[in-house]
Structures are given as structure tokens and as C-alpha cells.
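The values are calculated or read from the model by the stated rules, or taken from the named source; none is laboratory data. In this text, all values refer to a predicted model and were calculated from it rather than measured experimentally. Note that each Cβ is placed from the backbone with ideal geometry, even for glycine, and that neighbours are counted across all protein chains shown. Side chains included, ligands, DNA and RNA excluded: accessible areas come from the protein's heavy atoms. Shrake-Rupley method; radii C 1.70, N 1.55, O 1.52, S 1.80 Å.
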Amino acid sequence: MSLNDPIGDMIARIKNSQLRNHKKVELPSSKFKIKIADVLKSEGYIIDYKVSNDSKKTSPDKKRKIKQIQTQVKRLDSIDPDEVNNAIQELRQIGTSAVPILIEALEHDSVQLRSNSARALPVLGASSYQAIPALVQALSDKQASVREQAAFSLGLIGALTNIQSSNTNDTLVKQMLPALVITLDDESIGVRSN
């Protein structure tokens, strides 16, 4: 359950811990889970919580994979098309776990990196649907090349998620359609044509 629904897993762990009168429960942390814990605390469902920055819990394999993803994402900042294409293919081999790091790269200072990160996302397959909100936000980037690639990638991801549809995917796809319609009025012909 935790791989597909981390919030549901969090709530279930807290509930099960309370049912068994445990004083504490340990679970993986994220910014979103911390915000939920704030609400649970303010509403009186939990007494308190503590976020541990214990890096020992990250396995060596996971650390190695994260470093591998970060290396490939850095290569996306290259002006050499072959370098970029090779990095995208490496990210494709890595798969779904590259999506969160590519989403972060969409906010990087480098225009090249933002554009190529948007370009790399649909190559990762239907799991890249997680990037729809970030790509919708990239449609308002100051740089036309980023907006153009975001629009193109949203179209590809929309097609992929319609092929492998689920309720979550449907909701995200519905969120992206109005944003894509707005791009029809973009000043850049490249953005409008995607």
C-alpha cells in the first residue's frame, strides 16, 4: 500500500498505532506528510510529531540510484544534442524513480535544463503523469523554449495516461486540458503548435 498511496499508508499507520495504544509510530517523511501531521496535531488527533533527518535509513542502493539520476539530469543542461539524447535514454532505463528529480529540475535557473527536463519526462512512460502539475506550471515559464517543450510533453503524457487510464490519471489529465487550451494564445508559434 505504501508504494501506491503514501498518505493512506501514513493515516493507516497512525490509526493502527492508536488502536494498539502505542506512544509513537515511525514512518517515511515528506513535505506533504509534515503538513498533514500539522493538521492532525492542530485537530487533536496526535499529540506531537518529530521529523528525523536520519540519513542512515537510506539504503546504499537507493543512494546510488539517486546519484545516478542526478548525474543524468545534470547532463540535460548540455548544449550538445547527443549528450542530451544519451542522458534521456539513461533516464528512460532508470524509469519512474527519475520523475521527482526531473520535476525539481523544471524549476532550475538554467533554461536548457528546464526545457530538456520537460522533454525527458514523457520518455519515462505513463508514470510521468505525476509531472502534469509541474508541466502545467512550466507553461507560464518566461522562456518560450520551456513553454514549447512543456506543451509538447503534456500532449504526450496525456496520450500515455489515456492509454493506461486510472482515476488519478483522469483527474490530472482534466487539469491539464484548460492549460493547454490557453497555450493556443501564446506569443510563440512553437508553443501554439504543440
Kindly evaluate residue 104 against the criterion of being open to solvent by 100 Å² or more (accessible area, probe 1.4 Å), closer than 24 Å to residue 144 by Cβ and not in a loop (DSSP other than H, G, I, E, B). yes
Name the residues in the stretch 26-40 that are open to solvent by 60 Å² or more (accessible area, probe 1.4 Å) and modelled with pLDDT of 85 or more, would you? 35, 38, 39
Out of the residues in the stretch 140-160 that are open to solvent by 20 Å² or more (accessible area, probe 1.4 Å) and not small (Gly, Ala, Ser), which is farthest from residue 187 (Cα to Cα)? 160
Looking at 97, 110 in this structure, which one is of a type outside the set (D, E, K, R), within 21 Å of residue 63 (Cα to Cα) and open to solvent by 20 Å² or more (accessible area, probe 1.4 Å)? 97
Give just the number: which of (1) under 21 Å from the mean Cα position of the chain (by Cα); (2) on the phi < 0 side of the Ramachandran plot does residue 60 not satisfy? (1)
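Each row is one residue, and each column tells you yes or no for (1) part of a helix (DSSP H, G or I); (2) of a type in the set (S, T, N, Q).
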site: 8; (1), (2): yes, no
site: 21; (1), (2): no, yes
site: 34; (1), (2): yes, no
site: 45; (1), (2): no, no
site: 77; (1), (2): no, no
Verdict on residue 67 being part of a helix (DSSP H, G or I), closer than 18 Å to residue 104 by Cβ, open to solvent by 60 Å² or more (accessible area, probe 1.4 Å) and modelled with pLDDT under 85: no
Counting just the residues of the stretch 108-135 that are assigned to a loop (DSSP other than H, G, I, E, B) and at pLDDT 90 or above, which one comes out nearest to residue 175 (Cα to Cα)? 108
Can you name the condition, by its number, that residue 84 falls short on among (1) open to solvent by less than 10 Å² (accessible area, probe 1.4 Å); (2) under 18 Å from the mean Cα position of the chain (by Cα)? (2)
